[in-house]
Amino acid sequence: MITGKTRLTGLLGSPVAHSISPLMHNEAFRLLDLDYAYLCFDLKEKDMEDAVKALKLLNVRGFNCTMPVKIRMCELADRLSPAAELIGAVNTVVNENGTFVGHNTDGIGFTEALRSCGYEVKGKKITLLGAGGAATAMAVQAALDGALEINVFNRKTRSWSRGRQLVDNLNKKTACKAALYDLDDETELRLRLADSDLLANGTPSGMAPETDLTPITDPTMLHDELTVFDAIYNPKETRLLREAAQRGCHTQNGLYMLLYQGAAAFRLWTGQEMPAEHIREKFFH
């Protein structure tokens, strides 16, 4: 039920039509009888500045950001939370009396998703693919939660410098040992995976509609003592996860990461706890 007092929240990025976020948040608003609504807005990075100005004029309560606009939102926010500043990307914005405050709940979503399936990152050696907004948040939270070692693999594109900054921050500001490698260096990738407990994909490789892609082109690199996490949730089983399962790995997709990062954003907007177990049962099976 939309009223004259309904507060708007939503999702900015591209593509967004596949997102489960509107179902999740609108159901939570309904259950708690909150006068909010959540919509999706398909936006490219080049249009973000105009969009943010418009959303501020419309006095929205807040919004989420997904690829490819998380890093750009970090520049457009009026203020950043400590986590967003350390990560260098924003996935949640809260309107505090006309001031857009950028937060990042992706890392919490990642570690809570693993924890909900009985997996703790504390003391683990992790191979992380990617150095964009989501991957950086995953690495930061894993380090804060006690990961022993994180080896970041990223291609030498414009995000290479972000990867270098990430490992520098982890080495300087946490107890976790971190290093950066070229994702195209298959010899190094095979070596690091052989000694890893967890492989986490933070790249978009394999996301719909390009479901034939995978960041690990040679599945013989994967071993049966490895847990493989893919932040992608559409499709539910990426090529990476399918081939990992065939190698005997325990696998998990990004659905629960979406749920728990969303629950943290919901708390920031409303001051209330999302009924996460109900949402999980209704939409995440």
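The values are calculated or read from the model by the stated rules, or taken from the named source; none is laboratory data. Here the structure is a predicted model, which means the values were calculated and not measured. Virtual Cβ from ideal backbone geometry, glycine too; neighbours counted across all protein chains shown. Protein only, heavy atoms only, side chains kept; ligands, DNA and RNA dropped before computing areas. Shrake-Rupley method; radii C 1.70, N 1.55, O 1.52, S 1.80 Å.
Before moving on, here are some points about what is shown:
- Shape descriptor for the range 192-285: Rg over Rh equals 1.05 (Cα atoms; Rh from the Kirkwood inverse mean 1/r).
- Rounded to the nearest 10 degrees, the inclination of helix 133-144 to the longest alpha-carbon principal axis of the chain is 70 degrees.
- Over the range 134-247, equivalent-ellipsoid semi-axes from the Cα gyration tensor in Å: 23, 16, 14
- Considering only Cα atoms, the convex hull volume of the range 122-171 works out to 57 Å³ per residue.
- Neighbourhood charge, 10 Å Cβ-Cβ cut-off, centred on ARG79 and excluding it, Lys, Arg +1 and Asp, Glu -1: -3
- Size of electric dipole in the chain: Cβ of Lys, Arg +1 and of Asp, Glu -1, about Cα centre, debye, nearest 20: 580
- 1.4 Å probe accessible area per residue over the chain, in Å²: 45
- Against the main long axis of the alpha-carbon atoms of the chain, helix 106-116 sits at an angle near 70°.
- Here the average projected area of the convex hull drawn through the C-alpha atoms of the chain stands at 14.0 nm².
- Tail fraction, Cα-Cα pairs, the range 83-169, threshold 18 Å, whole percent: 45
- Restraint check, LYS156/LYS177; LYS53/LYS173; LYS124/LYS156; LYS177/LYS282; LYS70/LYS177, Cα-Cα greater than 28 Å: LYS53/LYS173; LYS177/LYS282
- Computed over the range 11-65, the quotient of the alpha carbon radius of gyration and 2.2 N^0.38 Å is 1.20.
- Here each label is just a point 7 Å from Cα along the line to Cβ, and for GLU96 and LYS282 those points are 3.0 nm apart.
- Residues with amide H under 5 Å from that of VAL90, placed H, sequence gap 5 or more: ILE71, MET73, CYS74
- Surface share of carbon and sulfur [accessible, 1.4 angstrom probe, percent] for the chain: 51
- The Stokes-Einstein estimate for the range 21-150, based on a Kirkwood radius over Cα pairs and taken at 25 °C with 0.890 mPa s viscosity, is a diffusion coefficient of 155 µm²/s.
- GNM remark for the chain: springs join alpha carbons under 10 Å apart, and the peak mean-square fluctuation among GLY107, GLY62, GLY248 falls on GLY248.
- Comparing mean-square fluctuations of THR157, THR270, THR238 from a GNM of the chain with C-alpha springs under 10 Å, the top value falls on THR157.
- In the range 43-86, the convex hull through the Cα atoms has an average projected area of 3.2 nm², a quarter of its surface area.
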